[in-house]
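**Student:** The structure under discussion is supplied below as structure tokens; questions concerning it will follow.
The values are calculated or read from the model by the stated rules, or taken from the named source; none is laboratory data. Just so it is clear, the model here is predicted, and its values are computed rather than measured. Cβ sites come from the backbone with ideal geometry, for glycine too, and all protein chains shown count toward neighbours.
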Amino acid sequence: MDLGQNLVQRINVGDALTRSAFARPTQLAVVDGDRRWTYTEFDAWVNRLAHGLLARGYAVGDALALAAGNSAEFLAVYYACAKTGVVCVPINLGWRPDEVAYVLGHSQARGIVVESQLLEPITAAVGKVPSVADVFVAPGIERGDLLTSDVSGGTRLTLADLEADDASPVEVLIHDRAALSYLYTSGTTSFPKGVVGTHLGIHLESMSAALDSGWNAGDRFLAMMPMFHTAQLNAFCTPAVVVGATIHVHRGFDPQRFLDTVESERITQVFGLPMMYRAALDHPSFAGRDLSSLQRAVYAMAPMPEAQIKACLDGFRCDFALLFGQTEMSPITTLFRPEHQLTHVGAVGTPLTGVQVAIMGPDGELLPRGEQGEIVYRGPSTMQGYLHDEAATATAFAHGWFHSGDVGRLGDDGVLWFADRTKDVIKTGGENVASLEVERAVYDAEPDVAEVVVVGLPHQRWSEAITAVVVPKPGATIDAEKLTAALKDRLDGYKVPKAVIVEHELPRTSTGKIQKNVVRETHAMHYGGRG
């Protein structure tokens, strides 16, 4: 295929920005603090960055790492990579320097864009990877002299220095299945695996997310979850660009700023964790807010307890929906849609358009509805594979389906019910217990529980003892004995926790996910170990 035919026919994530800029030139595209860009202005900035990369010799398939918090610069670099065929490698800001160095080396990153306030922690990692030839410093939260810090490794320029004078359209031959990103999944016992996301996969997932959510150019999105995570980046930002909507960028979550922005900017679409919505509801100014612009609030990680989703629906008076999926699926697989929030409490929804869901048994057989097994998927949004790991890729695609590592079942009405991660199923006294089932029972039994995580801890008799670690709501106290007694009325005897541990907070990843592995390690000797 020649360049001309490729430009006409291809699917490329960068082309979505080009076309939205042509269709809606004066529409507001990105708002970051007091900085605002129309689609014409943002597309021109991205083109200048893209031409700058090409001028420095970056070519299709080269990798450029990106260590940045939520910012217009993050989005501009991501789209510049897309337009040039350069593979973007977002860096999780919660990683240790040795993890960053591993990802830079494993992805064979040729350069890295680093926000100025991150230079010091990133320097140690960059210095260990000789292949990193370029360090481009973005302003970040510090807007003084960007080049004062000593960064080892190759050429050092500001991101502005990278920009070319040329803002014309970027025309490079890039195939549909070319890699757009290497997104590294968090590992608990080893270094993370690089998920190869393609232009075709991420563009189609973005189209489906917009279609199923009813998004359009009149929407105003608030982006406060980390952009280095696929959910914020590819489930909200890229769909917003596809439809020509506006993205308001926040560096993390603050309940007052969140409420201020929704109110002043008339935000229509938000994405956050259940704990964020709870914090907003509990904010002293909440009752006096005009949040009538909100149309949909999406949450992730796990279904909300019934009491919390009812409180959210009553308080925010907008639709709520759960996003379920994983990095390997770009990321959405199912949506727990607004109409199911109170009729199917605890479910994770129905398939996103373009995604096929099934339940598989241990020998590769597909199970009928109602039977529990591994959740598997098919669809064009599935990753190309794991970078430099043919064995893991083959295992993930065994029997002609993508294996999620999740356990669940399909209801007769096609709604997917998630039981647990395979690795989080607790094996106690010869029985398998889903930690999520026990967590739901805890929420149901004690309304003063703000958060709970249920894990299996080493035990001489039970092998793994079911243990609930709970965080009380502000000002509340939890009586462990009363909670245990209440759970006996809601769970089979062998599923009742052997202990309830009360903590002030739970360990989390940088994306807000509770680290069950850390909880297990912290309390490993609670029962004296296995002996």
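**Student:** I'd like to know if the stretch 260-267 contains one or more residues that are crowded, with 18+ Cβ neighbours inside 10 Å and not in a helix (DSSP H, G or I).
**Tutor:** Yes: the stretch 260-267 contains one or more residues that are crowded, with 18+ Cβ neighbours inside 10 Å and not in a helix (DSSP H, G or I).
**Student:** Kindly list, by first and then second residue, each pair from a residue in the stretch 387-398 that is within 21 Å of residue 88 (Cα to Cα) to a residue that is surrounded by 15 or more Cβ atoms within 10 Å (Cβ to Cβ) and at pLDDT 95 or above, limited to pairs with Cβ atoms under 7 Å and residues at least 6 apart or on different chains.
**Tutor:** Filtered contacts from the stretch 387-398: 387/106; 387/107; 387/182; 387/194; 387/196; 388/106; 393/385; 393/386.
**Student:** Please state which one of 208, 213, 181 is over 30 Å from residue 389 (Cβ atoms) and polar (S, T, N, Q).
**Tutor:** Values: 208 fails: over 30 Å from residue 389 (Cβ atoms); 181 fails: over 30 Å from residue 389 (Cβ atoms).
Unique residue meeting the criteria: 213.
**Student:** From the list 448, 420, 412, 406, which one is of a type outside the set (S, T, N, Q) and more than 20 Å from residue 347 (Cβ to Cβ)?
**Tutor:** Of 448, 420, 412, 406, the one residue that is of a type outside the set (S, T, N, Q) and more than 20 Å from residue 347 (Cβ to Cβ) is 448.
**Student:** Also, I was wondering about something else. Would you confirm whether any residue within the stretch 207-215 is touching an Asp or Glu at 6+ places or on another chain (Cβ under 8 Å) and not assigned by TED's automatic domain parsing to the domain that holds residue 176?
**Tutor:** no
**Student:** Here's another thing I want to ask about it. Restricting to the stretch 199-235, name every residue that is hydrophobic (A, V, I, L, M, F, W, C) and out of contact with any Pro (no Cβ under 8 Å at 6 or more places or on another chain).
**Tutor:** 202, 211, 217, 221, 222, 223, 224, 225
**Student:** Is it the case that some residue within the stretch 76-94 is more than 26 Å from residue 17 (Cβ to Cβ) and either surrounded by fewer than 20 Cβ atoms within 10 Å (Cβ to Cβ) or of a type in the set (A, V, I, L, M, F, W, C) (or both)?
**Tutor:** The answer is yes, given that some residue of the stretch 76-94 is more than 26 Å from residue 17 (Cβ to Cβ) and either surrounded by fewer than 20 Cβ atoms within 10 Å (Cβ to Cβ) or of a type in the set (A, V, I, L, M, F, W, C) (or both).
**Student:** Under the condition of being assigned to a loop (DSSP other than H, G, I, E, B) and in contact with a helix residue (DSSP H, G or I) (Cβ under 9 Å, 6 or more places away or on another chain), which residue from the stretch 131-144 is modelled with the lowest pLDDT?
**Tutor:** Only one residue tops the list, namely 144.
**Student:** Return the total of residues in the stretch 286-326 being in contact with a Pro (Cβ under 9 Å, 6 or more places away or on another chain) and among the polar types (S, T, N, Q).
**Tutor:** Looking only at that region, the number is 1.
**Student:** For the stretch 110-130, what are the residues that are within 21 Å of residue 34 (Cα to Cα) and either modelled with pLDDT under 95 or not acidic (Asp, Glu) (or both)?
**Tutor:** Answer for the stretch 110-130, where residues must be within 21 Å of residue 34 (Cα to Cα) and either modelled with pLDDT under 95 or not acidic (Asp, Glu) (or both): 116, 117.
**Student:** Taking residue 41 as the residue in question, decide whether it is under 21 Å from the mean Cα position of the chain (by Cα), over 21 Å from residue 141 (Cβ atoms), surrounded by fewer than 21 Cβ atoms within 10 Å (Cβ to Cβ) and assigned by TED's automatic domain parsing to the domain that holds residue 133.
**Tutor:** Against the criterion (under 21 Å from the mean Cα position of the chain (by Cα), over 21 Å from residue 141 (Cβ atoms), surrounded by fewer than 21 Cβ atoms within 10 Å (Cβ to Cβ) and assigned by TED's automatic domain parsing to the domain that holds residue 133), residue 41 does not qualify.
**Student:** Which is modelled with pLDDT under 95, surrounded by fewer than 20 Cβ atoms within 10 Å (Cβ to Cβ) and among the hydrophobic types (A, V, I, L, M, F, W, C), of 425, 407, 433?
**Tutor:** From the options 425, 407, 433, the qualifying one is 425.
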